[in-house]
Amino acid sequence: MRINGIYNYLYIFYSAVFLLHIFNIFIESERLNFIIGILAVIMLIVSFKRASSLFKTLGSAFIGIGALAFLTTGQPISTIPELLTSNMSLLTLLTMLPWMNSVVRSGRFDRTLNNLLNVNASDLGKLYPRSSITTLTLAAFLNLSAASISQDVLKNNLSQLNKKVRDSFIGTATLRGYSLALIWSPLEILLAVSIFTTGVDYVSLLPWLLLIAFLTFVLDSVWGRFHYKKYTYDNAVKVNLDMMKLMKKMLHLLAALVLFLTTVIVLGNLLGLDFIFTVTILIFPFALVWSIIMNRLRSFWTIGWKTWKQSTNSMQNFVVLFLSLAFFANSIDGTSFLDFIQRPLLFFSDYPMIIFIFIQLTFIFLSMFGVHPIATIGILTGMITTLLEYMNPISLAIVLTTSAVATLTVGSYGLVVQLTSINTGQNPYRLTLNNLPYALVFGAIGSTVAYFLL
């Protein structure tokens, strides 16, 4: 019981390490970095016990392979702690995300936007793009919560429909809309990891990601319009919707997102900071000022403090994954392991589309067995390092981002698919099957855009 009680205060330990890391970004002290590395080892040990079996397996594999590679480098054991610190920025970003979620909830944007789903529509075909765009808008700020909120509203509104039709509609409209927000959102960890891995600039990547999201949304909306138009929609829930108020809320959210992105870009350029770190240090002050402007400071702090503590105390899976992944990636860097990977890649160097398709299918295949897309990036680390030597980093970042995000709709053991499975009572493999064509098309659009940028 005492040990379990200690785990309720993990957020204090984690936060202390993350604050040290932020401080060290500015002073760049090797000694402090070593101390952070020692603390990272402690974090890994403490978190390993509470991590799920899947992440324990993945972490053990990365540590085991990394250890074998490390032994071939001839480096002293004292260098190991520093090998674990390279992904600390990603963990720091992860712990800050709940504050942006909280300010959106405190402003009640989620409730207002979901009223869109209560507006009358003659058939499901007309409701489909509206459901998708509502989930997309919410997901840009709320991430996983957006899918759950939209699904609850749709489940209530479509209660009179045949269960099979209702489940199919909810599983496609919400999961696909959710994925279309995450491909470009500055608050999405998969995008951050792709940028971190390839070293590209977010500003140069953003227009192409928005283009891919737009093309995919249009194609999916056309599909949904024709696929579901045969089902009439008679919503029993009537809401007197103030369209002017709704438009103001939409414009408010859009203005906040544009302002946040502009601030990230300007501050990053002025101080010479990378995208991930700039987003990390701006989230809390931006959310705080936003809540004050909306006169929602008390609500923001109440929701935010509770959400942040719960989220930070539950980071064990990602701590194990990111720290073991850092050790693995740094250990194999410059070893013969990369030469082993490079040989088959050089054979296909004149056929980049084959490489892109291979990356996409690898993400989808592994996601069906519960492998997190971040772990897949880790598995492909050696390959990515080699590809960066002769391939446009922006193209590679696009393929990684679209392939990783597409798996969120088909990962049978993924969090959002499992959540949808619980909300709708359907088999997660049914969700995978229904969304597999979408995931393939999504990845194909990304690969095509990436190919033309080579």
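Only a single item in (1) over 18 Å from Leu205 (Cα atoms); (2) surrounded by fewer than 20 Cβ atoms within 10 Å (Cβ to Cβ) is not met by Leu453, and it is number (1).
Restricting Asn240, Asn235, Asn156 to residues that are at pLDDT below 85 and either surrounded by 14 or more Cβ atoms within 10 Å (Cβ to Cβ) or at positive phi (or both) narrows the list to Asn235. Within segment 34-55, the set of residues being small (Gly, Ala, Ser), surrounded by 12 or more Cβ atoms within 10 Å (Cβ to Cβ) and part of a helix (DSSP H, G or I) comprises Gly37, Ala40, Ser47. The C-beta contact set for segment 288-309 (first residue closer than 15 Å to Met100 by Cβ, second residue surrounded by 16 or more Cβ atoms within 10 Å (Cβ to Cβ) and among the charged types (D, E, K, R), distance under 8 angstrom, 6+ apart or interchain) comprises Ile303/Arg105.
Among the conditions (1) surrounded by fewer than 16 Cβ atoms within 10 Å (Cβ to Cβ); (2) more than 21 Å from Tyr202 (Cα to Cα); (3) modelled with pLDDT of 90 or more, Thr263 misses just one, which is (2).
From the list Arg31, Arg130, exactly one residue is out of contact with any helix residue (DSSP H, G or I) (no Cβ under 8 Å at 6 or more places or on another chain), in a helix (DSSP H, G or I) and over 20 Å from Thr312 (Cα atoms). Which is it?
Arg31
Looking only at segment 62-95, residues that are closer than 22 Å to Gly382 by Cβ, of a type in the set (Gly, Ala, Ser) and part of a helix (DSSP H, G or I) come to 5 in all. How many residues does segment 367-389 hold that are farther than 22 Å from Ile332 by Cα and assigned to a helix (DSSP H, G or I)? Matching residues across segment 367-389 total 1.
Condition check for Leu32 on (1) without any contact (Cβ under 8 Å) to a residue 40 or more places away in the chain; (2) under 25 Å from Leu259 (Cα atoms): one failure, at (2). Checking Val405, Val399, Val410 one by one, the residue that is touching a residue at least 60 places away in the same chain (Cβ under 8 Å), surrounded by 18 or more Cβ atoms within 10 Å (Cβ to Cβ) and β-branched (Val, Ile, Thr) is Val405 and no other. Within segment 174-198, being free of Cβ contacts under 8 Å to residues at least 60 places away in the same chain and under 28 Å from Thr386 (Cβ atoms) holds for one residue alone: Trp184. If you go through segment 414-441 and pick out every residue that is under 16 Å from the mean Cα position of the chain (by Cα) and over 25 Å from Asn156 (Cα atoms), you end up with 1. Against the test of being closer than 24 Å to Leu366 by Cβ and at pLDDT below 85, the options Leu54, Leu84 yield a single qualifying residue, Leu54. Within segment 401-454, the residues that satisfy the criterion of being among the hydrophobic types (A, V, I, L, M, F, W, C), over 17 Å from Tyr178 (Cα atoms) and not in a helix (DSSP H, G or I) are Leu453, Leu454.
Between Val165, Val119, the distinction of being modelled with pLDDT of 85 or more and surrounded by fewer than 20 Cβ atoms within 10 Å (Cβ to Cβ) belongs to Val165 only.
Taking Leu257 as the residue in question, decide whether it is surrounded by 15 or more Cβ atoms within 10 Å (Cβ to Cβ), assigned to a helix (DSSP H, G or I), at pLDDT below 90 and of a type in the set (A, V, I, L, M). Yes.
Among the residues making up segment 183-220, those that are part of a helix (DSSP H, G or I), surrounded by fewer than 19 Cβ atoms within 10 Å (Cβ to Cβ) and of a type outside the set (A, V, I, L, M, F, W, C) are Ser204, Pro207.
The values are calculated or read from the model by the stated rules, or taken from the named source; none is laboratory data. Being a predicted model, the structure only gives us computed values, none of them experimental. Cβ coordinates were reconstructed from backbone atoms using ideal geometry, including for glycine residues, and neighbour counts include every protein chain displayed.
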